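Have a look at the structure below before the remarks.
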Amino acid sequence: MTATRQLTTFTADDDLLHDDVSAAGPHARESLLLTAPIPEHELLVFLYLWREGGTKWGRFVFVGGPDMEQPLFLSHADDAEFAGADLRDFTVGGLHWRQPEADALKVAEVDFEGDGFEVAVRFEGIHQPFSWHDNADGCPDWVAHDRFEQSGVTRGRLKLGEREIEFSGAGHRDHSWGTRDWNYLQNWKWINAATPDGAASLHCMLMSVKGETLVNGYINTAGVLSPIVTGQAHAELDDKMIHRAVSGVFTDELGREMRLESRYAAGWSMPIAHLLLNEIGMTGTLDDAAAAVHVELGWPADYVRALTGVA
Amino acid sequence: MLEPSDDLRHKLAAGPHARESLFYNVLLPDEGLLVFFYTWVDADNRAGHLFAVVTDNDERLAFSATDGVEVGGRDFDDWVVQGLWLRHTDPLRGAEFGIDVDGASLRVEFTATHAAFDYAQNEDGCPRFLADNRFEQSARVRGELTLRGGADGRSAGAPLREIHFDTTGHRDHSWGTRDWDTVQDWKWVSAQTADGHCLNVMQLHAHGQTTRHGYVVRDDVVEPVVDVRTRVDYDDNWYQRELWMTVTDAAGRQTEVTAQRYALLRFDAGERLVLHEAACRGTVDGTAALVHYEAGWDRSYVALHTARRATP
């Protein structure tokens, strides 16, 4: 892949744990996330695991559907057992995650079974992992020591009771290590979109912090990955502050512009600490090309409660 | 388009956040003082006021606050709320106001230096949770402030101070719904140079969106604000200490503002919010200016940052 300039280069070991910065200290955390929106089936597969303080593992596995209040599957473990060899091939509370060394920094294979539910997803990155340090706003030290984000194509199967689905499409993953202090965030928009053929993708994180907006992410198109410099996004919120549509215009260091349009397909509100993370898979377009989209809007739960009466 | 009648009271729809309010300030940096003058009324004719004279770090030399005062149909051409009075004598141009309370008395003549600017003129409009509409206006303010001391006990025994002033100031007038708790944070800035270069900026952060409101007056031309970039330095109380701001208006003009706080008033609003009112010395495009910089925050967010800074 070509890049606009020399961007941060990760090594195969960055697929693994970073004990030097994520194993000890206040808010020490390392996390992996993989999302596979399947908007054509009104489904969102969301797989998330983390280690806090170097010893305490947790994970979320859920499948969101058309009704935000009725996840089609949900399993949460806050003090889960870890087994395996670092992060190459391991399980956290039954969530099996593989990152084969032969495809380091590119492939993740994840599967989970339980209570009549089965999921298996293979994620293949369509560009090299991107570090927020390559954005002008950088990677704040309360977010992580470092963090990579990557768009990819997804292929997998899903069994939800009697419903069995084979899917292929686009998704996103991240890997973050260091300090994670959620308290700094007033709200945020974590926006990911990719065309299923892998020709174009977008990642943008807009974080409201200390009264200012930080912009991170990239545009990936025409084989060139480039850091974004501006991101303007607008979310249409319903009376429960669920985003039903998200649109945006983003520009990168090359002056390229990318437009996003998206509408709700499937999701669930994930509570973490004092926050609500509204995870929504969306039907969308990137510059008019069909795209699978995942937009997470994060809010303080008491703010949502104050505005809606529910949280 | 504002009408002369907009200087008076508006019919408010009944509701929990229905509200009409008037705010005036006087900044006296050589005295180290911020004079904060605020009054409001709800849809049921219940009025209130908040008046304060402060130095830095919310050190109150005079303070008076009241609410729920029945005012009937009394209007802003002859407004009285428990010692606070106000007369809008020249619609959208001039006013007189003052107060006589324990510890202080104030009398001010307000003469606008430009046409009132309402937020409905901004591209982002006037958000419904803020008001149906709201106008802002800078002015010449002349008058006297007398401080007798003892208003809050802390300044008991302070000597009598009589301060005559002739300087620049600002006011706003808003009517409709004021739902403070919709907003996560905001910046409201007014700044004036002695030669008439002035501005008002409000940057609101609500529902995950940032909106921008206000105007710039330069060479007697009023233009709406279209973009604002800010950088702020905070102290250990999460009080804004210094501001650098670039304002772009609809004519494409850029205005640079700097501000350094010398006085600050803190008070709570709504269920969740706190207001930090900073009086500042500053500059507008390099010329000395008076700057009032109000920052609104969720109280829990302020508590987080002050706790962080208190931790070694």
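Quick note: the coordinates plus some simple rules give every number you see, no bench work behind them. Keep in mind the model is a prediction, meaning the values are calculated, not measured. Counting neighbours? That spans all protein chains shown, and the Cβs are built from the backbone with ideal geometry, glycine included.
Things to note:
- Candidate lysines for bridging to B:Lys187, where Cα separation is under 24 Å - those fewer than 8 sequence places away on the same chain excluded: A:Lys189, A:Lys210
- Counting only the Cα atoms, chain B fills a convex hull of 129 Å³ per residue.
- Extension gain, B:Asp132 back to B:Ala43 (0.36 nm per residue minus Cα-Cα distance, nm): 30.7 nm
- Anisotropy class of the protein assembly as shown from Cα gyration tensor, a/c 1.5 cut: prolate
- Selected from B:Glu20, B:Glu223, B:Glu123 as most flexible by GNM, with chain B as the system and alpha-carbon contacts under 10 Å: B:Glu123
- Of the residues A:Met270, A:Leu254, A:His243, the one whose Cα sits farthest towards the positive end of the charge dipole of segment A:207-311 is A:Met270 (charges of +1 on Lys and Arg Cβ, -1 on Asp and Glu Cβ, taken about the Cα centre).
- Rounded to whole Hz, the Karplus (6.51, -1.76, 1.60) HN-Hα couplings of segment B:213-219, x for glycine and proline: 9, x, 8, 10, 10, 9, 6
- Zone residues, segment B:282-309, relative to A:Arg305, backbone N less than 20 Å from point 7 Å out along Cα-to-Cβ: B:297-305
- Choice from B:Asp179, B:Asp44, B:Asp219 with maximal GNM fluctuation in chain B (Cα, 10 Å cutoff): B:Asp219
- Overall, the protein assembly as shown carries a charge dipole of about 580 debye about its Cα centre when +1 sits on the Cβ of Lys and Arg and -1 on the Cβ of Asp and Glu, all other atoms neutral.
- Exposed loop sites were defined as GluC sites (Glu not before Pro) in DSSP loop states (anything but H, G, I, E or B) carrying at most 13 other C-beta atoms within 10 Å; in chain A the longest segment without such a site runs A:163-311.
- Mean separation of Cα contacts under 8 Å (6+ apart) over length of segment A:24-82, as relative contact order %: 27
- Segment B:166-207 - charge dipole about Cα centre, Lys and Arg +1 at Cβ, Asp and Glu -1, debye rounded to 20: 60
- Per DSSP, loop trypsin sites (Lys or Arg not before Pro) in segment A:246-277 with at most 14 further Cβ within 10 Å: none
- Simple spin-label estimate for B:Asp235 and A:His76 gives 4.1 nm between the two label positions (7 Å along the Cα-to-Cβ direction from each Cα).
- Using a Förster distance of 45 Å, the FRET efficiency for B:Asp30-B:Asp220 (Cβ separation, nearest 0.05): 0.95
- In the protein assembly as shown, the DSSP-assigned H stretches of four residues or longer account for a calculated mean residue ellipticity at 222 nm of -1000 deg cm²/dmol, using -39500 (n - 2.57) per stretch and the full residue count as denominator.
- Value of relative contact order over segment B:203-284, rounded to a whole percent, pairs C-alpha under 8 Å and six or more apart: 19
- Whether chain A is rounded, prolate or oblate, judged on the alpha carbon gyration tensor where a/c under 1.5 counts as rounded: rounded
- Chain A - percent relative contact order, Cα under 8 Å, separation 6 or more: 16
- FRET efficiency for the A:Ser247 to A:Ala199 pair, using the beta carbon distance and R₀ = 22 Å, is estimated at 0.60.
- Modelled label positions at A:Asp238 and A:Ala12, each set 7 Å beyond Cα in the direction of Cβ, lie 4.7 nm from each other.
- Spacing of the two label points (7 Å from each Cα toward its C-beta) at A:Val107 and A:His274, in nm: 4.4
- Within a Gaussian network of chain B (alpha carbon springs, distance under 10 Å), most fluctuating of B:Ala115, B:Ala14, B:Ala131: B:Ala14
- Residues with amide H under 5 Å from that of A:Cys139, placed H, sequence gap 5 or more: A:His133
- Restricting the trypsin sites (Lys or Arg not before Pro) of segment A:1-87 to loop positions (DSSP other than H, G, I, E, B) with no more than 16 neighbouring Cβ atoms within 10 Å leaves A:Arg5.
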